[in-house]
Amino acid sequence: MNIIETSGLGRRYGSSWALSECTLAIPEGHLVALVGPNGAGKSTLLNLVVGLTAPSVGELTVLGGVPAGSPAALDGIAFVAQDMPLYRHLSVADMLHLTRNLNRRFDTSLARRRLADLGISDKRRAGKLSGGQQAQLALTLALARHPRLLVLDEPTAPLDPLARHDFMASVLTAMADDGISVILSSHLLAELERVADYLVLISRGRVRLDGTIDELLDLHRLLTGRPDTCAEAGYSIIESVTSGAQMHRLVRLPSTDAPLPAGCESRPVGIEELTLAYLREVPAPPLAALTGVSR
Amino acid sequence: MSIDKELSEASLEDVSPLAFHLDPSSGVPTYLQLVQQVEHALRLGLLKPGDRLPKVREVVADLAINPNTVLKAYRELEQKNLASGRPGQGTFVNGSLAQATLPALTTLRRSLRVWLTDAEAAGLDEDGIVALVTSTLRDFTDRRDPDRVGSLARPSRKAGGLA
Amino acid sequence: MTALAAAPNPSIRPIPWPRLGWVAWRQHRSTLVGAVALLAVIGLYLLIDGLRMRASYDAFLACTPANSPACQLAWQSFHDSFGSSGLIGVILMLLPGIIGAFAGAPILARELETGTFRYAWTQGAGRMRWATSELVTGAVGVAVLLAAFGTLVSWYNQPLVAAGIMPRLRATVFPATGVAAPGWALAGFALGVLAGLLWRRVLPALASACAAWFALAFLAGGLLRQNYLSPMTTTSLQLSNTDLTVGQWWTRGGLPVSNAEINSTLQAVGTHLDGSTSASVAHVGSAVDPVQYLLRHGYQQVTSYQPDSRYWPFQWIEFGWVAALSLLLLGATLWLLRRRSAR
C-alpha cells in the first residue's frame, strides 16, 4: 500500500511552477526524509499531501488511493507545520479539547499521559510554553489522533539539540508503536542516516532522488582514478571533482548489479555525501526517478 | 556497551542484559553498529543463548533511530543464526560467538598485557600499537583467508539483491 | 512493531455540529465578551436616559390644562432635553456595522495571518465544516445581540415617537432601531469575513470592511431607503417633522415647472426663493413673500415624502435586502474558501 502516490503532479503559482512532473510511489511504514534547498518545492509537496492546496496538474492520492484533501485523507493524516501553529492564547487543556472536537478519533488519555510525562501542565497558555514544549504539544495533538501518516514540515528547526532529540524519539517511538508512516522535511542532513529510511530529494521543483536509502546507496558509487584509465562507462555523473591528477566522480548506476568500470577505485557513499552532491548538482535533464516499488 | 551484570544475574524477565549505544561520527551505518555490538557481546560471552535482545521500541526510544533500522539489524542477526524472533515476545539470542571459554580468554588477556608492556618499552605509543596490531592482523587473515572482506567495511553488494 | 493503523473508512461520519459550535465559541469567546461589554455599557446609558425621558414625558402628559404656561414649559423641557440625537445618535447608527465587522474580520484573517489555518484546516473536520460553523455561530451571535440592541433603541425612542418629534425614517436613526440593526450588523459581519479572507490580515480587513459598510449605509440612507415604496405626495405647506422628505418641486396647472421659470417669475417682483425647501420661511428684507406670491398666482408646491407610518414596512424591507446581501457575501466567502490554497 502506497502511503503517498503521485503521477505527474505539478503546482503552479502564477507563472512559476513550484513543483512539476512529480511522480512518486512511497510505500507505507517508512520515515521519509524530504530534502532540498529552500524554495525547492518541499513545502508545496507537503501542502498538497495534507490538502491545504490542490494540484494544478497531475494526480495525488494518499493512504492507499484516497484523494488528498478528502475527509478520509484528513482523518488519517496529521500535520505539524513549521512554527508549530497553536492558538497562543488558549491553554493546553483547551487545545486538547479543541483537537478532540475537530476529529473523529482522539486519544485523550494518551495525550494527557504524554504531556504529564513531558511535564507540560494543562493550565499553561500555549503561547507561554518554551519552543521545545510547543513542539511536543503540537506533536502530541497530532499523535493522539492516531493518524496513519504524520507529516512534519521542518519541525525541529527552532529546537535546541536536546529538544530535537526528544522530539524525534517521540516520532520514532510512535512509528514503532503504531506502525505510522512519517514524512518530514528537514535540512539536518547529519541526522538522515539515523532517522530516515526513505529519501525524496527535490531541487528546483523537480524530484531528483526517490527511493529507500538502502537502494539509493546501492545505486551510487564514488569512482576515483586518473582520467585516462578510469572511464565511467556511460553512467550518469552526479558530481565530478578534480584534484591534481586524480578525478573523483560520483556516478549513478542504472541497477544494483551494473558492472563497475575497471581501472577505477570505487567506494560506496554515505547518505549525507550523496544528498549534498545532488543538492549541489547543476540542473541536468530530469533523471528517470527510481520509484520505490516494493520488491 | 554497558552490561548490567547485576540485573542479568537477577534474570529479570523484562530487562535485556544489553543496552545499545550509538557512535554517530564513526561512519559505520547504524544497523551495523547494533549488529557489531551484539556480536561483540557474544564473543566475550557477555550475552548467552536465551538472553533477550532489547525490544525494538526501547532501542528506538533511547537512541532516536528508525525502527526499521533496528529490525534490519535483528534480521541480519537472524540470518547469521545468532538470534531468532519469537512472535509477541521479542528477539532472543540463540547462537554463540564465544570463540574461547572464559578461562582461555583470561589467559589470552594476561599474555596480551605482557606483550603490551614490551611494546611500550620498545617506544610505541597507543596509535603505534594499534597500527602494528591492525596491519599484522590483516596480513594474518589475508594469508589465511584471501577472499574474506574486513568486517568494518560495508558488506559487499550481493548480486541481484539488497544488502 | 504493532501495525495498529486502521484501514480507510469508506463512509466517513461528519463531525457533529455541536462539537464544531464549541470550537467556534471557544475561539471567539473574547470577541463575544467584548461586544457584550460594549453593548452593555451603551445599553445601560440608554436605559438610564430612557427612564429619565419617560419621566419627563409623563410629567408633560399629566399636566393640565394643555395650553397653560406651566405645561408649555413641561413640553419645552422634554423637547429640548431629548429631542435631538446628536453624537449618541451617530454612535448608535454606526454600532451595528462596527460590531459586525469586528466580529467577522478576525475569523478568517487571524487564522491566515498567524498561520493557525495550517492546524485548523488539516483536522478531521476539514475547512468547509469548520468555516461554516464559525460563520454561522458568529452571524447568529451578532444578529441576536444587535436584535436586542435594536429593541432597546426602539424602546428608548418610544416617547419621542409618541410625541411626534422623532423622525424614525431619518438616516441617523432608522438603521439603529428595530430589525434594521441586526440586519446591518450582519452586513458588517459578512463584509468583515470576506475582507478577512481576501486580505489575510486582520487590520486591513477591518478597515476595508468598515469603509465598505459605511459606503453601503450611505447608499441606503441617501438613495435607496426613500424609494422602498413609491413616495406619497402632498401640496400642503405644512410638513410633519416625522415624515421623510424625498423631493420638492413647483407645479402650475398640474404640470411641473422648472426652477428657472420660478426664479424669473420671482425676480420680476424683486425677490427669490432661497435654497431651503421650507415653505414657510419668508424672505428677509423684501416686502413680498415669495411663497405666498407663487401660491396666489396659481403655483403649487408639491412635496414627495415617506410617511412615518411606513416605518415598520421599511424596517422589514431593509432587513430583507441587507440580510440577503449578507448571506450572499457569506456564501461567496465559503465558495472562495473552498478554492483557496495555502502558500
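The values are calculated or read from the model by the stated rules, or taken from the named source; none is laboratory data. What you see is a predicted model; the values in this text were computed from it and never measured. Note that each Cβ is placed from the backbone with ideal geometry, even for glycine, and that neighbours are counted across all protein chains shown.
Go through region C:139-179 and report how many residues are of a type in the set (Phe, Trp, Tyr), within 13 Å of the chain's Cα centre (by Cα) and farther than 13 Å from C:Leu39 by Cα. Give the steps one after another, and end with the answer.
Initial filter on region C:139-179 (of a type in the set (Phe, Trp, Tyr)): C:149, C:155-156, C:174.
Next, only the ones that are within 13 Å of the chain's Cα centre (by Cα) stay: C:149, C:174.
Next, only the ones that are farther than 13 Å from C:Leu39 by Cα stay: C:174.
So the answer is 1.
Determine the pairs where a residue that is within 11 Å of another protein chain (Cβ to nearest Cβ), located within region A:250-275, has a partner that is surrounded by 14 or more Cβ atoms within 10 Å (Cβ to Cβ) and in a loop (DSSP other than H, G, I, E, B) with Cβ atoms under 7 Å apart, the partner being 6 or more residues away or on another chain.
Close Cβ pairs (under 7 Å, with a partner that is surrounded by 14 or more Cβ atoms within 10 Å (Cβ to Cβ) and in a loop (DSSP other than H, G, I, E, B)) amount to A:Leu253/A:Leu219; A:Leu253/A:Tyr235; A:Thr256/A:Leu219; A:Thr256/B:Arg157; A:Ser266/A:Leu260; A:Pro268/B:Arg154.
Inspect all residues belonging to region C:21-28 and state whether any of them is in a helix (DSSP H, G or I), closer than 30 Å to C:Ala215 by Cβ and out of contact with any Asp or Glu (no Cβ under 6 Å at 6 or more places or on another chain). Spell out the reasoning first.
The initial filter retains those residues of region C:21-28 that are in a helix (DSSP H, G or I), namely C:21-27.
Next, only the ones that are closer than 30 Å to C:Ala215 by Cβ stay: C:24, C:27.
Now restrict to residues that are out of contact with any Asp or Glu (no Cβ under 6 Å at 6 or more places or on another chain): C:27.
Yes, that holds for at least one residue.
Take the conditions touching a residue at least 24 places away in the same chain (Cβ under 8 Å) and surrounded by fewer than 22 Cβ atoms within 10 Å (Cβ to Cβ) and apply them to C:Gly222. Does it pass?
Numbers: touching a residue at least 24 places away in the same chain (Cβ under 8 Å): yes; surrounded by fewer than 22 Cβ atoms within 10 Å (Cβ to Cβ): yes.
When the stated conditions are applied, C:Gly222 passes them.
What residue, among those in region C:85-138 that are aromatic (Phe, Trp, Tyr) and more than 22 Å from the chain's Cα centre (by Cα), is nearest to the other protein chains (Cβ to nearest Cβ)? Lay out the reasoning, then the answer.
Keep residues of region C:85-138 that are aromatic (Phe, Trp, Tyr), which gives C:102, C:117, C:119, C:121, C:130.
Then drop every residue that is not more than 22 Å from the chain's Cα centre (by Cα), which leaves C:117, C:119, C:121, C:130.
Numbers: C:Phe117: 8, C:Tyr119: 4, C:Trp121: 6, C:Trp130: 7 Å.
Of everything passing the filter in region C:85-138, C:Tyr119 is nearest to the other protein chains (Cβ to nearest Cβ).
Would you mind finding the one in A:Gly131, A:Gly179 that is surrounded by fewer than 20 Cβ atoms within 10 Å (Cβ to Cβ) and under 19 Å from A:Asp107 (Cα atoms)? Outline the logic, then answer.
Working: A:Gly131 fails: under 19 Å from A:Asp107 (Cα atoms).
Step by step, each of A:Gly131, A:Gly179 is checked, and only A:Gly179 is surrounded by fewer than 20 Cβ atoms within 10 Å (Cβ to Cβ) and under 19 Å from A:Asp107 (Cα atoms).
Would you mind finding the one in C:Thr265, C:Thr251, C:Thr233, C:Thr242 that is assigned to a loop (DSSP other than H, G, I, E, B) and either at pLDDT 80 or above or in the same structural domain as C:Val302 (by TED's automatic domain parsing) (or both)? If you could, list the steps in order and put the result at the bottom.
Details: C:Thr265 fails: assigned to a loop (DSSP other than H, G, I, E, B); C:Thr251 fails: assigned to a loop (DSSP other than H, G, I, E, B); C:Thr233 fails: assigned to a loop (DSSP other than H, G, I, E, B).
Result: C:Thr242 is the single residue among C:Thr265, C:Thr251, C:Thr233, C:Thr242 that is assigned to a loop (DSSP other than H, G, I, E, B) and either at pLDDT 80 or above or in the same structural domain as C:Val302 (by TED's automatic domain parsing) (or both).
Of A:Val171, A:Val151, A:Val182, which residue is assigned by TED's automatic domain parsing to the domain that holds A:Arg100 and either at pLDDT below 90 or in contact with a Phe, Trp or Tyr (Cβ under 9 Å, 6 or more places away or on another chain) (or both)? Quick ask: steps written out before the conclusion?
Values: A:Val171 fails: either at pLDDT below 90 or in contact with a Phe, Trp or Tyr (Cβ under 9 Å, 6 or more places away or on another chain) (or both); A:Val182 fails: either at pLDDT below 90 or in contact with a Phe, Trp or Tyr (Cβ under 9 Å, 6 or more places away or on another chain) (or both).
Unique residue meeting the criteria: A:Val151.
Report those strands (runs of 3 or more DSSP E) wholly inside region A:7-122 carrying at least 3 residues which are surrounded by fewer than 23 Cβ atoms within 10 Å (Cβ to Cβ) and either more than 11 Å from every other protein chain (Cβ to nearest Cβ) or over 22 Å from the mean Cα position of the chain (by Cα) (or both).
Numbers: elements: A:16-27, A:31-35, A:57-62, A:77-80.
Result: A:16-27, A:57-62.
Can you name the residue in region C:282-304 that is assigned to a loop (DSSP other than H, G, I, E, B), out of contact with any Leu (no Cβ under 9 Å at 6 or more places or on another chain) and aliphatic (A, V, I, L, M) and, of all such residues, is modelled with the highest pLDDT?
Top of the filtered list is C:Ala287.
Would it be correct to say that C:Ile165 is of a type in the set (Val, Ile, Thr) and part of a loop (DSSP other than H, G, I, E, B)? Before the answer, list the steps.
On the way: of a type in the set (Val, Ile, Thr): yes; part of a loop (DSSP other than H, G, I, E, B): yes.
Yes, satisfied.
Is region A:231-253 home to any residue that is among the basic types (Lys, Arg), crowded, with 16+ Cβ neighbours inside 10 Å, modelled with pLDDT under 90 and in contact with a Pro (Cβ under 8 Å, 6 or more places away or on another chain)? Full working, then the answer.
To start, the set of residues in region A:231-253 that are among the basic types (Lys, Arg) comprises A:249, A:252.
Filter once more, keeping what is crowded, with 16+ Cβ neighbours inside 10 Å: A:249, A:252.
Next, only the ones that are modelled with pLDDT under 90 stay: A:249, A:252.
So of that shortlist, the ones also in contact with a Pro (Cβ under 8 Å, 6 or more places away or on another chain) come out as none.
No, region A:231-253 contains no residue that is among the basic types (Lys, Arg), crowded, with 16+ Cβ neighbours inside 10 Å, modelled with pLDDT under 90 and in contact with a Pro (Cβ under 8 Å, 6 or more places away or on another chain).
Within region C:180-200, which residues are more than 9 Å from the chain's Cα centre (by Cα) and either not small (Gly, Ala, Ser) or not assigned by TED's automatic domain parsing to the domain that holds C:Ile99 (or both)? Quick ask: steps written out before the conclusion?
Kept after step one, since they are more than 9 Å from the chain's Cα centre (by Cα), are these residues of region C:180-200: C:186-200.
The answer is C:Leu186, C:Phe189, C:Leu191, C:Val193, C:Leu194, C:Leu197, C:Leu198, C:Trp199, C:Arg200.
Can you give me the number of residues within region A:160-205 that are over 18 Å from B:Leu71 (Cβ atoms), touching a strand residue (DSSP E or B) at 6+ places or on another chain (Cβ under 7 Å), away from chain C (no Cβ under 14 Å) and of a type in the set (Gly, Ala, Ser)?
2
Would you confirm whether any residue within region A:211-220 is among the small types (Gly, Ala, Ser) and within 14 Å of chain C (Cβ to nearest Cβ)?
First, the residues of region A:211-220 that are among the small types (Gly, Ala, Ser): A:211.
Subsequent filtering for residues that are within 14 Å of chain C (Cβ to nearest Cβ) retains none.
There is no residue in region A:211-220 that is among the small types (Gly, Ala, Ser) and within 14 Å of chain C (Cβ to nearest Cβ).
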